[in-house]
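The values are calculated or read from the model by the stated rules, or taken from the named source; none is laboratory data. None of the values given here were measured: they were computed from a predicted structure. Counting neighbours? That spans all protein chains shown, and the Cβs are built from the backbone with ideal geometry, glycine included. SASA here: full protein model, heavy atoms, side chains in, ligands and nucleic acids out. Shrake-Rupley method; radii C 1.70, N 1.55, O 1.52, S 1.80 Å.
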Amino acid sequence: MGVVNVTPDSFSDGGRWFEPAAAIEHGVLLLEQGADLLDIGGESTRPGAERPSVEEELDRVLPVVRELAGQGARISVDTMRSRVAAEALEAGAQLINDVSGGLADPQMATLAAASGAPFVAMHWRAHSDRMDREARYDDVVTDVISELEHRVAGLVAAGVEREAIILDPGFGFSKDADHNWQLLAGLAQVIDLGYPVLVGTSRKRFLGRLDPDAGLDVEPTPPASRDSATAATSLLAAQAGAWAVRVHDVPSTRDALAVWHRVRVAAGDAAGARGPRDGKTT
């Protein structure tokens, strides 16, 4: 899943793709580099980010969705608003990626149920302006699993088909660095819930401090310098059985997955011979 941020304040690219023409060009490039689908979003979810109005989010997202879908791209709309999701689906999007899992907008679950579109429900506790204050867990893997199960129950009760639900453990959302590492180590337990799992570690803060002895006073590396670390987490996610990885830099992750594929083929792994594109899709 290639990321197309149509925002002026993205943590990862600083608004490089804010103009529709630039976002469309970037989306085409990601497809050429091997992205299987594009995740198009008009609201930054970096810590402390302020929310745009609904109208502003629509103005950012719809022209990009419409043009890239018209070129045959498979589109995911990254939004917490049911109106944006509905209009993006009409414009050609095929999947809803809601980082709040339907909690931010009480109409989202109803819209998802009516549309029948695959729905990504991420583990989420609060909006960006206060999510870091919610990074409290007894055991992060157990707690995330429990809260995801509760969210699935709510979505199903609203009419969303279980077969349409994709889960995302929410790396970086209401989680500190240690929480993220523990969650990555326990990712297979999330996947054991039996739903396709989307993993979004790309360029997150915890990948900017890889030295375990580095204190919090050490400045993390810039987001764009974290693509090698992202590729490593993408490989770990694939090995755990993730359905997809959401990344800003497609070639580095594609190369990491290709290496894994070649090793599996060399070892005579029949499943590995299918390649990373041939797993379960929605």
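Tabulated data
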| item | result |
| --- | --- |
| Pair list, Cβ under 8 Å, 6 or more apart: segment 120-135 residue closer than 26 Å to Leu193 by Cβ, other residue open to solvent by 70 Å² or more (accessible area, probe 1.4 Å) and in a helix (DSSP H, G or I) | Ala126/Arg133 |
| Every residue from segment 169-211 that is within 21 Å of Arg136 (Cα to Cα), out of contact with any Phe, Trp or Tyr (no Cβ under 9 Å at 6 or more places or on another chain) and open to solvent by less than 20 Å² (accessible area, probe 1.4 Å) | Pro169, Gly186, Leu187, Val190, Leu207 |
| Residue tally, condition on the phi > 0 side of the Ramachandran plot and out of contact with any strand residue (DSSP E or B) (no Cβ under 9 Å at 6 or more places or on another chain), over segment 165-213 | 3 |
| Selected residue (only one of Ala238, Ala214, Ala231 is small (Gly, Ala, Ser) and either open to solvent by 30 Å² or more (accessible area, probe 1.4 Å) or touching a Cys at 6+ places or on another chain (Cβ under 9 Å) (or both)) | Ala214 |
| Subset of segment 209-229 that is in contact with a Lys or Arg (Cβ under 6 Å, 6 or more places away or on another chain) and part of a helix (DSSP H, G or I) - its residue that is modelled with the highest pLDDT | Arg226 |
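For (1) open to solvent by 50 Å² or more (accessible area, probe 1.4 Å); (2) modelled with pLDDT of 95 or more; (3) touching a strand residue (DSSP E or B) at 6+ places or on another chain (Cβ under 7 Å), each residue gets a yes or a no:
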| position | (1), (2), (3) |
| --- | --- |
| Asp9 | no, no, no |
| Val28 | no, yes, no |
| Thr45 | no, no, no |
| Val61 | no, yes, yes |
| Asp78 | no, yes, yes |
| Gly101 | no, yes, yes |
| Ala113 | no, yes, no |
